[in-house]
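Data first, discussion second: the structure below is written as structure tokens.
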Amino acid sequence: MSSACSLLHLAEADDREFKMGDYEAAVARWCPGCGDHSVLTAVQRLLTEEQLKPEDTVFVSGIGCSSRFPHYMKTYGFHGTHGRALPISTGIKLNRPDLEVFAVMGDGDCVSIGAGHWVHAIRYNIDMVALLLDNNIYGLTKMQTSPTTPQGQKSNTQPQGSWLPPMNPLSVTLGVTNASFVAQTVEWVPSHLFATLKEAFHHKGFSFVRILQRCPAYLPKLFEDAITDPERIELLVHPDGVEAKDLEGVYKDRVYHDPTDIDAARRFAEDQSKVRIGVYFRDESRPRYEETRHLPTLTAEEKLSVLDQEFDRYAV
Amino acid sequence: METKLPIVGADASGGKGSPKGRQITQAKMSTVEIVSDPGEGAQKCAQIFGAISAKMGNGVWTVEIIPAEIQPPPRLPAGASGNRIRIGSVPVTNWGDRSKVVVALNDQVLLARHRLDALEDDAIVLIENMWKDHTDEDIRQQWVDAMEEVSDRNYRIIEIPMEEECLKIVDNPRRGKNMWVLGLLCYLYDRDLELAAAQIADTFRKKAQEITDRNVELLNAGFSWAAENLGFGFEVRPIGDDRPHVVMNGNEALAMGAVASGMDLAAMYPITPATSVSHHLGEEFLKFGGLLHQAEDEIAAAGVAIGASWSGKCAFTITSGPGLALKTEFIGLAIMTEIPLVVVDVQRGGPSTGLPTKVEQSDLLAALYGQPGDAPRVVIAPATIEECFYSMITARKIAEAFRTVVMVLSDANLATGVSPFPRPELDPSWVAAPPDLSPIPEGLRPYDWDPQTGLSRRFIPGSPGGMHTLTGLAHDEGSKVAYDSEINQRASAMRSRKLAVFQSTLKPPSVNGPEEGDMLVVGWGSTKGAIEEAVEEAREEGLSVSNLHLTFLSPLEPGLKEIFSRFKKVVTIEINYSDEPDDPYITPENRRLGQLAWLLRAHILVDVDCWTRVLGEPLRPGAILNAIREKMPEGGVS
Amino acid sequence: MPSEDRIAQALEAISDTKDFFVSSVAMSAEEVRGVLERERGVNENPQVRLAHELGPFAAGRIDLERLAPVIGVNETLGEETRRKIQSAFEALMDLKKAGDEIFTAKVPLDGYLRGTVFAALGRVGVAFGAARSVEWALHDIAPPEGVEDALERFPPNLWNRAERGCSPPIVIEVEGQDLRAASLGELLEGSQKIVLVVNGPAAPAPLVRLITPGVTVIQTDDPTQLSALAASPGPGVAALMPEGAAKFTHVPGEGKGLNERLNVEYLPEKEPKRALGAISAFQQVEELRQLASMTASVEAMATMEVESGSGAPPMDEAGQLASWLIHQANFTGV
Ligand SMILES: Cc1ncc(C[n+]2csc(CCOP(=O)(O)OP(=O)(O)O)c2C)c(N)n1
Ligand code: SF4
Ligand SMILES: [Mg+2]
């Protein structure tokens, strides 16, 4: 619960009903076939299903192809600076817990330049959704190595191939104290993507979703295996996670994973033999930072009378 | 500044139990220091002394003497810790030059002050004498060496058996000697003992009554000892200002000002000397429903403040030099996107880690221009502790009204100086009301700049119909990314215009002293008190000099060119680095100037000279006076 | 225990909800102050106002005559509109200052429970009335039918859905003989919380009638149990009963099945024989039996679960079926 609500806001009778189109702004200018398009559609569907008021919903992003996301949403948007979507989101939520906040980040954005903020945002566990659109490359700046680029993958900055093994955003997140929701999904399986987003949205706390995203412009072959061969994918299923019943026919590899089991979650994240999608971990009992602000709101008059008492302490 | 007034007869001195024939020196200002090893309570003694003096109606400026090391061993010059207190029969605006009286709890801390040239040539040194005849031979030798070293001055050294006297009352004089010293000072300056006792009771209000009683006993003992053994004292009359006052340091004043302005979210990362603002805020905000957010770094702190500001009431972030460097990109974003934001920089010595605890005014140009790209913003500099309080109220209002970043430049001098000012009469109009979330009228755009003023209505999340994506990319009135060649030119002009508009509402600054003359000294920020004191002293010497102090640095206050034209010479005085004109290789062409001097030259095409120092301490009025004498134009002495 | 103490305990139990409401009143008062500040009256001198807002730092430094027109000091509010908004602001400030007593009321002996609750909510509901008045004034709309003086009385039948989701909690002191709980049913909407502090002889299970799947219902003599009421997001009612009454909690958040939601701690064995005021013995017995039968079905379900060897999700089919059946059989319309 936030610390107060505006009665004036409540007073305005509101019987609007929102359709998909109500959330659509400018025509998305990503490359044809770019995975960001699917994420956009899934998110718009989520907002429609949840009937979120466009004026009370905020998309915050950094800089990158994926960070263009807010421009295509007809909500409030904040297209900030590279790597810094999370501090901005934190500020918004601390001041306006009544707003629904979604942060959209690329892999360079979140895992490289914004890594410090990412780690701390996980720990703050503020009630919001963070989407990592992970295409394993820097798209906007034209194909430089990212922290998640597969080892050996050539890029413009590492033409000899990426030297280091990639960073694993899931293990990192699961390793941070106070992580409360960690999931992975892929943008080319819309129903799974949608179901995952929905779980993330309903989780009370910082919901981190890594979305594997195709970048046909620079890494056209990247997820080819996983797309063409369903056996490469393993579904983590659970009633408290994503059940993905509709996918039973396609993805046969299903593991019943209880998202309260962090040890299992970490093992699943660590093991790279499969592309494992679903809710890895969730725990709503973790403290949320915005709750530190659960304080009575004072009127200006009251504030000043408290301040006046403070001055007594300094009076001579 | 002091006149000797030998007064015979106890009644004239006014002090209780003062011996006949006590010599009283009447002083307009008097500066006293108490120095000891850390942990001996010199600061508590000084704080109480300062508080009683303020209560008795004197002007007071107290500043801490901070040890150079964190945990120094005892009896080391680098460990000297304590306070300087300057009291006056007029308001005291700065820490002064050198001290008249010093109470030293050992010979080494005295040396520290001596070496820093902190004591007047004929200072009265009241020193604990237990070291002189100490059982440890090394200590005895150090005493001898120290006395030898200070003998080049004319100090009047009075050895006092503090330890011995305190032992009559307490077992461990290390805890308690400070209160005995307080008693002694109360005698010297004729302080009201009852006030002192009450102040002690207040200081120890959370401890057992015994502690207060014991300390009051020590106080009285120190007083009586002085009455019997010291045949002199000082008289510093009250100012005669009956208004109620409060006494605090500049950081406390900033914190209280932030609360009074209605800003209720501050984001910061600890950094000296700004941190203590957050210590006060952390506590204050608990009572006011605000939030102090200690972020993971200064970048995040700026981001959090921006996110908060954008979505509601103006928020602020507070830092010092190195932190300001990190906030650079975000400040640029706030300016580009026209998000109101208050950034407080409590300046310290730089660059890099620099002098973390020491004062400098070296961030002026960084505050004004420290952004890649064109990033106009408002920069203001409070000059007094009182202004630290009130500047926050104005800063918040201007930030919101002009949709801009307002930088508030304080410094370590204001942050650590403690001084009384008239108690503010609080006004609810200062407090920011929640932002306007009413629906956005059809057709209005998020940057519908008034073509004259560049101002536009803020669209805040929650306002129906105002949905848009704010972007740090160049954008048009609709917040759409600028693809059209002309938009960036227009948008830049609009952001810049706001400054011009604000400047047009500023009044020309007033000149302190005659409106024309040989020399005009120009300063900004915390140096005001010291500069004015020096300039007034110079005029008493017959020099034709006035001064002008700038509060708004961006936009600059109007009318400067005209004012400057009435003086033969204009000199800025600042605490930042400039080349000395006669140093090797330095020519008028390559000389690097004080930061305000750069700024003034660039803006008003006047040949402004400067005198600046980066000694890690506030400017001393005496040093400024010397500079004025040196910089006087030919034939300046009238 | 004297009833003041029990009222204090009841208020304590709902203090979070109460504080939230009071905070919301303060926040709204501040918002209205913002409106009054932005939309200045036609007869106001904008410079005087600006001088106050900027504070002493600006005095002598900023030329207000120049600044006022630049930063868009509107003069848009007519005298009448401004007066209406000002009255609404004062009503909110009065509520903010009123303290706990606006959250309590007492049913007079032989009085009508629902009437008291309704009136009490109408009194705190002025917060909503004031907020609405501001909207009406700003948009020059006449108050809708049925509203007399929204700054005096704004009862729950006038609240909209959003307002009901932020409704003020209320503590009502009532004699056992006047506790006709069923009458409260229609008020238990949104997030409405009602605590009844029951004095004197009372029926053993009067709150049973209010058990529906979405409503928290607590009957207890232990004030610590009231915390479940405050913790649940939806509507709820709790009664602090005299000794001897049934003790149970029905908490919707505990699960889908009645077996998960209902916890009966004490079920009196003796059936009441005498009428209490207008509450007949028959009615009292009915209520007690209803609670007993719910207890029995809950126990039956528990056994089913044990037999099927699972409590863990996914819920076994028997459990699902049982919960569905109970849902269908007893309760509708939630
Ligand atoms: C401070 C800063 N450094 C570098 C850049 C240049 N830059 C923009 S986006 C980007 C990386 C984008 O990659 P990613 O975050 O993975 O997003 P994608 O484009 O792949 O969606 C870089 C390096 C910048 N805008 N700002
Ligand atoms: S470059 Fe890659 S990530 Fe960027 S829009 Fe094109 S396909 Fe998408
Ligand atoms: Mg990328």
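The values are calculated or read from the model by the stated rules, or taken from the named source; none is laboratory data. Since the structure is predicted, the reported quantities are computational estimates derived from the model, not experimental observations. Ideal geometry is used to build each Cβ from the backbone, glycine not excepted, and the neighbour counts take in all protein chains shown. The protein model used for the area step is the full one, side chains on, heavy atoms only, and it has no ligands, DNA or RNA in it. Shrake-Rupley method; radii C 1.70, N 1.55, O 1.52, S 1.80 Å.
Side notes on the structure shown:
- When the test is whether a residue is crowded, with 24+ Cβ neighbours inside 10 Å, away from every other protein chain (no Cβ under 12 Å) and among the hydroxyl-bearing types (Ser, Thr, Tyr), A:Ser146 passes it.
Every residue, every condition in (1) among the small types (Gly, Ala, Ser); (2) within 14 Å of chain B (Cβ to nearest Cβ); (3) more than 21 Å from A:Gly83 (Cα to Cα); (4) within 12 Å of ligand 3 (Cβ to nearest atom), yes or no:
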{"site": "A:Gln158", "(1), (2), (3), (4)": "no, no, yes, no"}
{"site": "A:Gly161", "(1), (2), (3), (4)": "yes, no, yes, no"}
{"site": "A:Leu164", "(1), (2), (3), (4)": "no, no, yes, no"}
{"site": "A:Asn168", "(1), (2), (3), (4)": "no, no, no, no"}
{"site": "A:Val182", "(1), (2), (3), (4)": "no, no, no, no"}
{"site": "A:Thr185", "(1), (2), (3), (4)": "no, no, yes, no"}
{"site": "A:Thr196", "(1), (2), (3), (4)": "no, no, yes, no"}
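- Within segment A:89-115, the set of residues being part of a loop (DSSP other than H, G, I, E, B) and within 16 Å of ligand 1 (Cβ to nearest atom) comprises just one member, A:Gly114.
- Tally of residues being within 14 Å of ligand 3 (Cβ to nearest atom) and either in contact with a Ser or Thr (Cβ under 6 Å, 6 or more places away or on another chain) or more than 11 Å from chain B (Cβ to nearest Cβ) (or both) across segment A:98-116: 9
- Candidate set: segment A:125-163, residues that are more than 28 Å from A:Ala200 (Cβ to Cβ) and charged (D, E, K, R); chosen: the one nearest to ligand 1 (Cβ to nearest atom): A:Lys142
- Yes/no for A:Gln153 being of a type in the set (S, T, N, Q), at pLDDT 95 or above and either farther than 24 Å from A:Cys31 by Cβ or away from ligand 2 (no atom under 16 Å from the Cβ) (or both): no
- Unique residue being away from every other protein chain (no Cβ under 14 Å) and free of Cβ contacts under 8 Å to residues at least 24 places away in the same chain when the list is C:Arg114, C:Arg61, C:Arg83: C:Arg83
- Qualifying residue in segment B:205-218 (condition: over 34 Å from the mean Cα position of the chain (by Cα) and basic (Lys, Arg)): yes
- Residues of segment A:13-47 that are of a type in the set (Phe, Trp, Tyr) and away from ligand 3 (no atom under 16 Å from the Cβ): A:Phe18, A:Tyr23.
- Restricting attention to segment B:155-181 and to residues that are farther than 26 Å from B:Asp122 by Cα and in contact with a Gly (Cβ under 6 Å, 6 or more places away or on another chain), the residue that is surrounded by the most Cβ atoms within 10 Å (Cβ to Cβ) turns out to be B:Cys166.
- Listed by first and then second residue, the pairs linking a residue in segment C:196-225 that is open to solvent by 30 Å² or more (accessible area, probe 1.4 Å) to a residue that is modelled with pLDDT under 95 and among the β-branched types (Val, Ile, Thr), with Cβ atoms under 6 Å apart and 6 or more places separating them unless they lie on different chains, are C:Thr212/C:Val334.
- Identity of the residue in segment A:293-316, outside any loop (DSSP other than H, G, I, E, B) and more than 7 Å from chain B (Cβ to nearest Cβ), that ends up nearest to B:Ile48 (Cα to Cα): A:Arg313
- Residues of segment A:71-82 that are more than 13 Å from ligand 1 (Cβ to nearest atom) and open to solvent by less than 10 Å² (accessible area, probe 1.4 Å): A:Met73, A:Thr75, A:Tyr76, A:Gly77, A:Phe78.
- When residues of segment A:117-138 are limited to those that are open to solvent by 10 Å² or more (accessible area, probe 1.4 Å) and either touching a Cys at 6+ places or on another chain (Cβ under 8 Å) or not in a strand (DSSP E or B) (or both), the one nearest to the other protein chains (Cβ to nearest Cβ): A:His120
- Across segment A:5-31, the qualifying residues are those that are of a type in the set (Phe, Trp, Tyr) and away from ligand 2 (no atom under 16 Å from the Cβ), and the one among them that is surrounded by the fewest Cβ atoms within 10 Å (Cβ to Cβ) is A:Phe18.
- Residue match in segment B:329-347 (condition: under 23 Å from the mean Cα position of the chain (by Cα), within 13 Å of chain A (Cβ to nearest Cβ) and open to solvent by less than 10 Å² (accessible area, probe 1.4 Å)): yes
- Helices (runs of 4 or more DSSP H) lying entirely in segment A:156-275 (those with 2 or more residues that are more than 16 Å from ligand 2 (Cβ to nearest atom), open to solvent by less than 10 Å² (accessible area, probe 1.4 Å) and hydrophobic (A, V, I, L, M, F, W, C)): A:169-175, A:190-202, A:262-270
- Residue check, B:Glu40 open to solvent by less than 60 Å² (accessible area, probe 1.4 Å), within 28 Å of B:Met147 (Cα to Cα) and not in a helix (DSSP H, G or I): yes
- Residue list for segment B:579-638, filter: in a strand (DSSP E or B) and open to solvent by 50 Å² or more (accessible area, probe 1.4 Å): B:Val637
- Qualifying strands (runs of 3 or more DSSP E) (wholly inside segment B:366-466; at least 2 residues being under 21 Å from B:Lys498 (Cβ atoms) and more than 9 Å from every other protein chain (Cβ to nearest Cβ)): B:378-380, B:405-411
- Members of segment B:296-312 found to be surrounded by fewer than 23 Cβ atoms within 10 Å (Cβ to Cβ) and of a type in the set (Gly, Ala, Ser), listed by number: none
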